[in-house]
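Right, one structure below, let's go through it.
The values are calculated or read from the model by the stated rules, or taken from the named source; none is laboratory data. The shown structure was predicted, so the numbers you read here are calculated from the model rather than taken from an experiment. Neighbour counts are summed over all protein chains in view; Cβ atoms, including those assigned to glycine, are modelled from backbone coordinates with ideal geometry. Note: accessible area is taken over every heavy atom of the protein model, side chains too, but ligands, DNA and RNA are not part of it. Shrake-Rupley method; radii C 1.70, N 1.55, O 1.52, S 1.80 Å.
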Amino acid sequence: MKETEKMDVNNEIRRHNSFTSPGTRRAPVSKRAGRERCHSYHAQVFNSFDSSDKKISSANPNPKASEKMSFRVVRSSKFRHVYGQALKREQCYDNIRVSKSSWDSTFCAVNPKFLAIIVESAGGGAFIVLPHNKVGRIPADHPLVGGHKGPVLDIAWCPHNDNVIASGSEDCVVKVWQIPDGGISRTLTEPVVDLVYHQRRVGLVLWHPTAQNVLLTAGSDNQIAIWNVGTGEVLLSLDCHPDLIYSACWNWTGSKLLTTCRDKKIRIIDPRKGEVEAEAIAHEGSKASRAIFLKHGLVFTTGFSRMSERQYTLRTPDALGEPIVTVEIDTSNGVMFPLYDPDTNLIYLCGKGDSVIRYFEVTPEPPFVHYINTFQTPDPQRGIGMMPKRGCDVATCEIAKFYRLNNSGLCQVVSMTVPRKSELFQEDLYPDTLSDEASLTADEWLAGEDAEPCTMSLKERAVVVQGGYVSGRAQQLTVNKRSNALATGKDREKEREKDKDRSPTPAQKRDDSQAGTPASATPPPAVTAAIEKQLSDLVEEIRKLKSVIVKQENRIRALEAAAKAAILSPPPPEPSPLPEHNHDTPVPETMAPDEV
């Protein structure tokens, strides 16, 4: 009995030391329970991941042996060595007057055809649209897209048509534009359609990922409007935010909406019912926060702590108030924009005013958000845009491409690459990605249907275009074909043509047939002729001014050279006295007049 009592006492002391010893301190019961809940949730959500721990456990029935074999010093991932490389300056875009607005926006949008940047413009708001092959120094008189009466705050390319872009402005109007394939040759002031609903400035525009012609807009009036661009009508309006809306994001199928607000809360909303399904405090800080839906349903947020420290969190939709991961990064003041790649589960954090791009990988293994690396540049960034995956160059194993705007007017192109020795197509790096086809129509989505986004293979349906890989099929602007709002514009144009008894030029017909623009989006021929005459007069005046300037410069140079020669050269010698001439002596006739 005594030996048994001694053993019990020793076991009790050993168990007590396991709780109190600093080297073997165990986590509290509440944290262990939360960790188990996270593991169980990830086991359900990330069922598509290939977990090496599962393979080991199925191969080894012995649990102890499995624990020993599953221990790894270095995490295995094909994206651990992703590195960023900036292109040369001559391959970037320079001399861009980036907008000086204090609005928290990326100021940049990019797709496989065009690069759009919000610029500083007098007399209203404008943005510039550049084809990818127009690199180098941009002329100061480059044509703009400028039909807004106030500064442009946000722009977004349509994911189902690379020629359509939407813009929101301080003039409370959302405009949808159509860009021809070769870019614009003159300043574009007539949009395809105007969307008028908001009472205050519109700071957020967002296209639906699966439904065609569906656009979300959010304004400073705390309202969210969901439009059918084809008819120019508001499908749904959401009034569930008490304060300014910072960001919005659709989930993978477009059935749910995730928003962040100035009241520090994130909300998951069913847009078709207008109901808030879940809400919670995102970050304790008072500065702007951002939130995005990941492909498998998790929620990733960025914001500020109570001590103004920047942090990110990972949450589950069924427990928004209990983050799985909360990590503090630094104490900078810039708002962080999370840019997500659903094909690789990589998240890129780009802060306004930062000179770095941090990127992380989300996996079902703890700590679930793994830091990979940081891309460092010497210049702070004003804005940033991310190229869709179908615009990346698969020949060089490029998995992401960013367009960084600097305060100096340089748009720097940064390529994220996975180092591979083989030059063949890497199927593990490029699964089927999002295509430019819509899964649903606006009416089908409004009726309650949901569908997965259409995908495409970069190996089978890709061609090399301007240094990247895009879909091989021709892009047509379907938004105009079914537009009731645009039909009225056509009718007005027909009446105007009857009154003036003029027909469009062949060039305008060709542009309308190729790009699908309505006649109302192109100025009438008389206006075009007047503009061309004014331009020719301006060119002639500029040519005359140039010639005058050149003449004056030559005259000034000659005068400067004469003055310098007069200063440097010695004074001329005094002339010798001439002999006196006898006037009575006759002058010979053979002498020249100047010899007399």
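Per-structure values
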item	result
Qualifying positions in segment 374-407 - over 20 Å from GLU361 (Cβ atoms), under 14 Å from the mean Cα position of the chain (by Cα) and not in a helix (DSSP H, G or I)	GLN381, ARG382, GLY383, GLY385, TYR403, ARG404, LEU405, ASN406
Close pairs (9 angstrom Cβ cut-off, 6 or more residues apart or separate chains): under 27 Å from GLU398 (Cβ atoms) in segment 427-452, open to solvent by 30 Å² or more (accessible area, probe 1.4 Å) and part of a helix (DSSP H, G or I) anywhere	none
Qualifying residue in segment 460-480 (condition: of a type in the set (D, E, K, R), surrounded by fewer than 19 Cβ atoms within 10 Å (Cβ to Cβ), under 29 Å from GLY84 (Cα atoms) and modelled with pLDDT under 95)	yes
Among the candidates GLY183, GLY203, residue that is open to solvent by less than 30 Å² (accessible area, probe 1.4 Å) and under 23 Å from LYS134 (Cβ atoms)	GLY183
Hits in segment 119-140 (condition: part of a strand (DSSP E or B) and open to solvent by less than 30 Å² (accessible area, probe 1.4 Å))	VAL119, GLY125, ALA126, PHE127, ILE128, VAL129, LEU130, PRO131, GLY136
Pairs with Cβ under 6 Å, 6+ apart, first in segment 238-261 and within 19 Å of THR302 (Cβ to Cβ), second open to solvent by 30 Å² or more (accessible area, probe 1.4 Å) and among the acidic types (Asp, Glu)	ASP243/ASP263; CYS261/ASP243
Odd one out for GLY182, checked against (1) modelled with pLDDT under 95; (2) over 21 Å from the mean Cα position of the chain (by Cα)	(2)
Strands (runs of 3 or more DSSP E) within segment 272-354 that include 2 or more residues hydroxyl-bearing (Ser, Thr, Tyr) and crowded, with 16+ Cβ neighbours inside 10 Å	299-304, 310-315
Residue that is most open to solvent (accessible area, probe 1.4 Å), among those in segment 544-582 that are of a type in the set (A, V, I, L, M) and at pLDDT below 80	LEU578
Hey, GLU437 open to solvent by 10 Å² or more (accessible area, probe 1.4 Å), farther than 17 Å from GLN85 by Cα, assigned to a strand (DSSP E or B) and of a type in the set (D, E, K, R) or not	no
Answer from THR374, THR417, THR396 - the residue that is open to solvent by 10 Å² or more (accessible area, probe 1.4 Å) and more than 29 Å from VAL129 (Cα to Cα)	THR374
Residue list for segment 229-250, filter: of a type in the set (Val, Ile, Thr) and crowded, with 19+ Cβ neighbours inside 10 Å	VAL229, ILE245
Residue ID - surrounded by the most Cβ atoms within 10 Å (Cβ to Cβ), chosen from residues in segment 167-180 that are over 13 Å from LEU130 (Cα atoms) and in contact (Cβ under 8 Å) with a residue 60 or more places away in the chain	VAL176
Criterion: open to solvent by 20 Å² or more (accessible area, probe 1.4 Å) and among the hydroxyl-bearing types (Ser, Thr, Tyr) - qualifying residue of THR217, THR253, THR260, THR210	THR253
Looking only at segment 100-118, and only at residues there that are in contact with a His (Cβ under 9 Å, 6 or more places away or on another chain) and either outside any loop (DSSP other than H, G, I, E, B) or without any contact (Cβ under 8 Å) to a residue 40 or more places away in the chain (or both), the one that is surrounded by the fewest Cβ atoms within 10 Å (Cβ to Cβ)	PHE114
